[in-house]
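Engineer: Structure provided below as structure tokens; questions to follow.
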Amino acid sequence: VFPGVRQAQWLTKTKLVEGLPPAVQDIMDNPALGLQELEERAKQMVSHARLWDTAEAAPRRERYCPVLFENLIHICRSMSGKYPSLSKRMLARNCRIAATWERESILLQVRGLSGILMNSMSPIAPIASKEEILATKEHVLETFYPIAPTIDLQEVNVYKELNDTGHMCPLGFRDGYPYSHPHTLFFLESANVRTDRFRPEQLRAKMLMFAFGNALAKAKALHGNDPKVLEQPVVVQSIGTDGQLFQFMVFQLNTTDLVSNDGVKNLVWIDSDQNLYERAQCVPEVKKGVVTKPAGISGFQPDTFKKFLALYLHGTV
């Protein structure tokens, strides 16, 4: 269990920046991209996932959450006619990640199912400039004294220090695999029972740990295991949702020198708790013969859709 982003920041030696980075915001705000023209289509896709996809009176979250994700990805892919480089992407499901690093005197490893991983033929360019990266030296990481920052992590015997992206994916990510750069991780919290789902804060921490893990494994594959400040930082994005509420994240790995709290830190931009819509009314609510809540989607938030789309387009436009 990941209790929160603050702990994940310490484990990954990362400075948090609230909100999406300017490179992503610029995509959202660029009228030439025509994102507004897709808003009505996105609203229809929400209606399809929540109201039309099943004969059930009220579809279950484990059904509509994945359907909504596929619908949104379909809209994103439809832009490949305008931007052909978008076709140089691959979605891999049921991928496992393994990444190992040392923090202070503790050997840490993140491993497990890495959500749905979108890979690209080319990496996302670094977000922060060299000056901004160097400025992170001044950032002081939060400590949890007298509580150990690893207090609730599972302790295991590590017989092999793995650093691998997608080592158990169906496609294998072997040497020469053309889609070799991790682009965006998608986490679907689609369990029907609330207690079986990660809470938003836990989900954001999980997203950070796995974005970091993918970036670290990629950096070690490119540059070896020696701890260093990277000449070319590795950027990995992450989107998490329960089918209504979205979390957006962009992570930049600046350094693999993670042992001490000193020096350059990694960076993460997080945009939290963004509703795509407020309510999905599957059947109208009627009181005393009067419809008080009509069937349909209410409170659709086009900006949340545009953030999803902007992260998809990031690195291409």
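The values are calculated or read from the model by the stated rules, or taken from the named source; none is laboratory data. This is a predicted model, so every value here is computed, not measured. Reconstructed Cβ throughout: ideal geometry from the backbone, glycine too, with neighbour counts over all protein chains shown. Heavy atoms of the whole protein, side chains included, go into the accessibility calculation; ligands, DNA and RNA do not. Shrake-Rupley method; radii C 1.70, N 1.55, O 1.52, S 1.80 Å.
Engineer: Excluding residue 310 itself, what net charge comes from residues whose Cβ is under 14 Å from its Cβ, given Lys and Arg +1 and Asp and Glu -1? Spell out each step's value before the answer.
Structural biologist: Details: positive: 306, 307; negative: 26, 29, 39, 271, 303.
Net of charged neighbours comes to -3.
Engineer: Quote the charge dipole size of the stretch 3-313 about the Cα centre in Debye, to the nearest 20; the model charges only the Cβ of Lys and Arg (+1) and of Asp and Glu (-1).
Structural biologist: Working: 36 positive and 34 negative charges, 174 e Å.
The dipole of the stretch 3-313 has a size of about 840 debye.
Engineer: Related question: Run through the DSSP bridge list for the stretch 3-313 and note the antiparallel percent, rounded to the nearest 5.
Structural biologist: DSSP beta bridges in the stretch 3-313 are roughly 80 percent antiparallel.
Engineer: For Cα pairs less than 8 Å apart in space and 6+ apart in sequence, what is the mean separation divided by the residue count of the stretch 178-291, i.e. the relative contact order in percent? Write down the numbers at each step before the final one.
Structural biologist: Values: 165 pairs, mean separation 28.4, N = 114.
Taking the mean separation of contacting Cα pairs over the length of the stretch 178-291, I get 25 percent.
Engineer: Taking the Cα centre as origin and putting +1 on Lys and Arg beta-carbons and -1 on Asp and Glu beta-carbons, what dipole magnitude results for the stretch 1-134, to the nearest 20 debye?
Structural biologist: On the way: 18 positive and 14 negative charges, 106 e Å.
The dipole magnitude comes to about 500 debye.
Engineer: Could I ask something else about it? Taking semi-axes √(5λ) of the Cα gyration tensor in Å straight from the coordinates, which label in [x] 43, 25, 21; [y] 35, 22, 19; [z] 37, 24, 17 is the correct one?
Structural biologist: Given [x] 43, 25, 21; [y] 35, 22, 19; [z] 37, 24, 17, the structure-derived one carries the label [y].
Engineer: Once every DSSP H run of n ≥ 4 in the chain is given -39500 (n - 2.57) and the sum is divided by its residues, what mean residue ellipticity at 222 nm do you get, rounded to the nearest 500 deg cm²/dmol?
Structural biologist: Details: 7 runs with 84 residues, N = 317.
Counting only the DSSP helices, I get -8000 deg cm²/dmol.
Engineer: If you don't mind, there's one more thing I want to ask. Multiply the residue gap between residue 288 and residue 88 by 0.36 nm, knock off their C-alpha separation, and tell me the result in nm, one decimal place.
Structural biologist: Details: separation 200, 0.36 × 200 = 72.00 nm, distance 5.61 nm.
Stretched out fully, the residue 288 to residue 88 stretch lengthens by 66.4 nm.
Engineer: Something else about it: Give me the 1.4 Å probe accessible area per residue for the chain, excluding ligands and nucleic acids, in Å².
Structural biologist: On the way: 15310 Å² over 317 residues.
I get 48 Å² per residue for the chain.
Engineer: Could I ask something else about it? What distance in nm separates the two pseudo spin-label positions at residue 113 and residue 140, each 7 Å out from Cα along the beta-carbon direction?
Structural biologist: It works out to 4.1 nm between the two label points.
Engineer: Let me ask another. Keeping all protein chains in place and using 1.4 angstrom, which order do 279, 89 fall into by accessible surface area, from largest down?
Structural biologist: On the way: 279 90, 89 25 Å².
Of 279, 89, the descending order of accessible area is 279, 89.
Engineer: What is the calculated FRET efficiency for residue 18 to residue 298, with r their C-beta to C-beta distance and R₀ = 35 Å, to the nearest 0.05? List each step's numbers first, then the result.
Structural biologist: On the way: r = 28 Å, r/R0 = 0.80.
With a Förster radius of 35 Å, E is 0.80.
Engineer: Classify the stretch 29-124 as rounded, prolate or oblate from the Cα gyration tensor: take a ≥ b ≥ c as the square roots of its eigenvalues, call it rounded if a/c is under 1.5, otherwise prolate when a/b beats b/c and oblate if not. Write out the running numbers ahead of the final one.
Structural biologist: Working: a/c = 2.66, a/b = 1.40, b/c = 1.89.
In terms of gyration-tensor shape, oblate.
Engineer: Leaving out ligands, DNA and RNA but keeping every protein chain, what accessible area does residue 306 have, in Å² rounded to the nearest 10, with a 1.4 Å probe?
Structural biologist: 20
Engineer: At most 11 other Cβ atoms within 10 Å and a DSSP loop assignment: could you name the GluC sites (Glu not before Pro) in the stretch 1-83 that fit? Provide the component values of the computation, followed by the final result.
Structural biologist: Values: sites: 18, 37, 39, 40, 56, 62, 70; in loops: 56.
Taking the stretch 1-83 and a limit of 11 other Cβ atoms within 10 Å, the loop GluC sites (Glu not before Pro) found are 56.
Engineer: Separate question: May I ask which residue of 22, 238, 192 lies farthest towards the positive end of the charge dipole of the chain, with charges of +1 (Lys, Arg) and -1 (Asp, Glu) on Cβ and the Cα centre as origin?
Structural biologist: Checked the options; the winner is 192.
Engineer: Roughly to the nearest percent, how much of the accessible area of the chain is carbon and sulfur, given a 1.4 Å probe? Walk me through the numbers on the way to the answer.
Structural biologist: Details: 7690 of 15310 Å².
Ligands and nucleic acids excluded, carbon and sulfur give 50 percent.
Engineer: Give the relative contact order (percent, whole number) for the chain; include only Cα pairs under 8 Å separated by 6+ residues. The partial results should precede the final answer.
Structural biologist: Working: 604 pairs, mean separation 86.0, N = 317.
Across the chain, relative contact order equals 27 percent.
Engineer: A further question on this structure: So which lysines pass the test for residue 137, namely a Cα distance under 20 Å, with those fewer than 8 places away in the same chain ruled out?
Structural biologist: 13, 15, 228, 265
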